[in-house]
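Written below as structure tokens is the structure these notes are about.
Coordinate-derived values only; no laboratory data. Treat the numbers as computed from the prediction; the structure is a model and nothing was measured. All Cβ positions, even for glycine, are placed from backbone atoms using ideal geometry, and neighbour counts span all protein chains on display.
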Amino acid sequence: MRLFETTEQGSVEIQIDEDIQARQEELAERNRQWLRERGIRAFDIAGSVGAGKTSLIAGMVERLSGRRAVGVIAGDVATTYDAERVTGRGARQVLQINTGGMCHLDAKVVHQALQKLQDGLDVLFVENVGNLICPSYFPLGVEARIVVVSASEGSHVIEKHPAMFRSADLVVLNKIDIAEAVSVDLARPVADLEAIRPGLPVVKANCLAGVGVGEVLHALKLV
Amino acid sequence: MTDLAGDKLLPYGARLHELSIASGIWASVKKAAAEHGAGRVKSIKLEIGALQMIEEDQLTFWIQTLAERDGSPGIELKITTVPDGLQMRVVSAEVDLSTPQPKGDEGTSQ
């Protein structure tokens, strides 16, 4: 940092040259290192409100029960409903973050939650706040981001939210059982995804009924 | 076993995407101004990648609000948008050396 130009009487322009986004990456790297040191494989589950994030997590937790020590961090603006839905499915620990209005989780708030985890976990699912926009700019420092999108969000949902799907490592196309009832041709979101992120894995699912959940676990190499 | 009762984490700072970013920008500018012994901040130059999809009016509003709280009212934002970029760079700030350092906590979170 240095002074470099006097602009008027008593004023100077100071060079700062700091990338605020890079700061988010630094905080995410701190989480990545924290998780790596403890041998915890962590996953960010993102998607709209009602896409089926909690159903997917509950299904994955059930299938991993007895085989893995799983922790869940559920992020919501308010309430503990999501954490309660996952509780009793076989997770060793369930934490709820209430953001109080913040529309996404970020690496800093996740780091606070990590400090409250028990020792001995080997898998962690972090459920992001329901939102298809803001979370895409806030890396959490986890191994992979799974974006859940449901047929009920319409045919163009992927095309309308390119940043979110660019940031995804796996997409779960959920509620396929109701696609016809809501006049959605599933070929459209799949084609849009291929245009935005060629080769990105897509799992068609009905998480509430357990369809596709095992395939997600295979894709994440958790089974 | 759950930690629902005992470990419910409380609200954390910023409430919106733009406010969160504005807080980070203002914290960066305030720190730089303090390091130079400067007082009121008059303007800030930013370089924002178009892929950040920032609402510039809202970002400006939040930065001006934070700056006013810390003794720098009427701050001007000079924003350059970079096509296809993802950066959120604070390039520089014009500060007034003749006024006292801005007040307020240094720990404005983002």
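Worth a mention:
- Averaging the sequence gap over all C-alpha pairs within less than 8 Å and six or more residues apart, then dividing by the number of residues, gives the stretch A:3-219 a relative contact order of 23 percent.
- By the helix-only formula, in which each DSSP H run with n ≥ 4 contributes -39500 (n - 2.57) and the sum is divided by residues, the protein assembly as shown has a 222 nm mean residue ellipticity of -9000 deg cm²/dmol.
- When the charge dipole of the protein assembly as shown is built from unit charges on Cβ atoms (+1 for Lys and Arg, -1 for Asp and Glu) and taken about the Cα centre, the candidate among A:ALA46, B:SER98, A:LEU220 whose Cα reaches farthest toward its positive end is A:LEU220.
- For the stretch A:51-110, alpha-carbon Rg relative to the globular expectation (2.2 N^0.38 Å, N residues): 1.13
- The orientation-averaged shadow of the Cα convex hull for the stretch A:91-214, equal to a quarter of the hull surface, comes to 8.5 nm².
- Under the Karplus curve 6.51 cos²θ - 1.76 cosθ + 1.60, θ = phi - 60°, whole-Hz ³J(HN,Hα) for the stretch A:61-77, x wherever Gly or Pro sits: 4, 4, 5, 8, 4, x, 10, 9, 8, 9, x, 10, 10, 9, x, 8, 4
- Of all DSSP bridge pairs formed entirely within the stretch A:3-219, close to 15 percent run antiparallel.
- Contact order, relative form, for the stretch B:39-98: 62 percent (alpha carbon pairs under 8 Å, 6 or more residues apart, mean separation divided by residue count).
- Convex hull of Cα atoms in the stretch A:139-186, direction-averaged projection (nm²): 3.5 nm²
- Cα-based values for the stretch A:1-103, radius of gyration first and Dmax second, are 21.3, 71 Å.
- Cubic angstrom per residue, convex hull over Cα atoms of the protein assembly as shown: 135 Å³
- With N counted as the residues of the stretch A:173-223, its alpha-carbon radius of gyration over 2.2 N^0.38 Å works out to 1.23.
- Cα-derived Rg to Rh of the stretch B:39-98, Kirkwood definition: 1.01
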